[in-house]
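Okay, structure first, notes after.
The values are calculated or read from the model by the stated rules, or taken from the named source; none is laboratory data. Being a predicted model, the structure only gives us computed values, none of them experimental. With ideal geometry, Cβ positions are generated from the backbone for all residues, glycine too; neighbour counts draw on all protein chains shown. When the accessible area is computed, the model is the full protein with side chains, heavy atoms only, and any ligands, DNA or RNA have been set aside. Shrake-Rupley method; radii C 1.70, N 1.55, O 1.52, S 1.80 Å.
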Number of protein chains: 2
Amino acid sequence: MNALGRHLLIEMQDCNKEALNDLGFLRDAMVAAAIDCGATVLGESFHHFNPQGVSGVVIIAESHLSIHTWPEYGYAAADIFTCGTTVEPEKAVEVLIEKLGAKNHSVMEIQRGLLVTV
Amino acid sequence: MNALGRHLLIEMQDCNKEALNDLGFLRDAMVAAAIDCGATVLGESFHHFNPQGVSGVVIIAESHLSIHTWPEYGYAAADIFTCGTTVEPEKAVEVLIEKLGAKNHSVMEIQRGLLVTV
């Protein structure tokens with residue numbers, strides 16, 4: 001039984017704190033992650049919070065990537081949700097870990113839409 | 001030990017197939033779900049696919065809501081990621097289930113940012 005979507009939940013700790021508070025840098029990193037894993041970018045929405053932190057989402061033809069950062073903890077939560085067989089979300093994980101300088105990370109994969117496939 | 005964020009992953013089956021293919025309806029439903037759970041909407045991005053299906057994200061001050069639909073299966077995958085104590089993401093789940101007419105659903109909660117809190 002195949003899933004309709006693959007959903008990777010990435011916990012990134014001990015990141016570069018300046019990067020976690022830089023909206024432009026994070027937007028570029030997320031778009032690069034999407035492109036590098038073979039996705040087609042359709043749109044994005046990023047917001048900086050006061051006093052710190054960024055939330056952002058990149059919509060791709062194959063679903064989405066999202067990120068929420070807590071610079072004060074050096075922590076970011078990212079999600080990579082993809083469908084289809086043309087993308088390799090693991091590559092997006094590698095890009096984000098490298099660009100954010102995450103010294104520790106974990107990845108959980110959840111299969112979405114299992115019950116409806118044949 | 002508290003988590004920085006609560007992440008609800010909602011699998012919705014046997015939904016109203018017309019609703020799952022209606023971008024305007026889904027955008028309104030997602031924004032309503034965000035508002036009804038006490039969140040502050042900052043932006044949104046929705047896309048309709050050919051021949052069918054919609055992907056959309058609502059960025060909120062407390063993180064994000066996302067949805068991906070497969071009308072051909074009557075299935076939608078939604079995520080509600082919130083931080084802080086002022087929102088009640090369960091209310092957003094109720095709104096989406098009711099608006100999409102989901103006859104079956106499941107909700108998985110993942111705590112995000114557990115390792116960095118004190």
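Check cross-link reach from residue A:91 to the lysines: straight Cα distance under 22 Å, and skip same-chain residues fewer than eight apart. Excluding near neighbours in sequence, the set is A:99, A:103.
As a length-normalised measure over Cα pairs under 8 Å and 6 or more apart, the relative contact order of chain B settles at 43 percent.
Grab the other residues whose beta carbon is less than 12 angstrom from that of residue B:6, score K and R as +1, D and E as -1, and report the net. Neighbour charge sum, excluding residue B:6 itself: -4. Each Lys and Arg contributes +1 and each Asp and Glu -1, all at the Cβ; summed about the Cα centre of chain A, the dipole is approximately 200 debye.
Quick one: buried accessible area between B and A, total over both chains, 1.4 angstrom probe, nearest 100 Å²?
So the total buried area for this chain pair works out to about 2900 Å².
State, as an integer percentage, the relative contact order of the stretch B:23-86 based on alpha-carbon contacts under 8 Å between residues 6 or more apart.
Worked out over the stretch B:23-86, it gives 25 percent.
Ranked by accessible surface with a 1.4 Å probe, highest first, in what order do A:73, B:75 come?
The ranking, largest first, comes out as A:73, B:75.
When every Cα-Cα distance of chain B is counted in 5 angstrom steps from zero, the calculated P(r) takes the values 2, 13, 24, 24, 18, 11, 5, 3, 1, 0 percent.
For residue B:98 and residue B:52, what is the calculated FRET efficiency with R₀ set at 30 Å and r taken between the beta-carbons, to the nearest 0.05?
Between residue B:98 and residue B:52 the formula returns 0.85.
Panel note: the C-alpha atoms of the stretch B:56-118, placed on their principal axes, show extents of 45, 21, 19 Å (largest first).
Measuring nothing but alpha carbons in the protein assembly as shown and taking Rh as the Kirkwood radius, the Rg to Rh ratio lands at 0.94.
Would you mind working out the accessible area per residue for chain B, using a 1.4 Å probe, and quoting it in Å²?
42 Å²
Solvent-free Debye calculation, one equal scatterer per alpha-carbon of the stretch B:14-60: log10 I(q)/I(0) at 0.18, 0.30 Å⁻¹ equals -0.54, -1.08. Across the stretch B:35-47, rounded Karplus estimates of 3J(HN,Hα) from the backbone phi angles (6.51 cos²θ - 1.76 cosθ + 1.60, θ = phi - 60°) give 5, 5, 8, x, 8, 9, 7, 10, x, 8, 8, 10, 9 Hz, Gly and Pro being marked x.
Rounded to the nearest 10 degrees, the inclination of helix A:89-100 to the longest alpha-carbon principal axis of chain A is 0 degrees. Here the protein assembly as shown has 48 percent of its accessible surface on carbon and sulfur atoms, given a 1.4 Å probe and all protein chains in place. The accessible-area loss of the stretch A:1-24 on complex formation, taken against its chain alone with a 1.4 Å probe, reaches 30 Å² or more at A:4, A:9, A:11, A:13.
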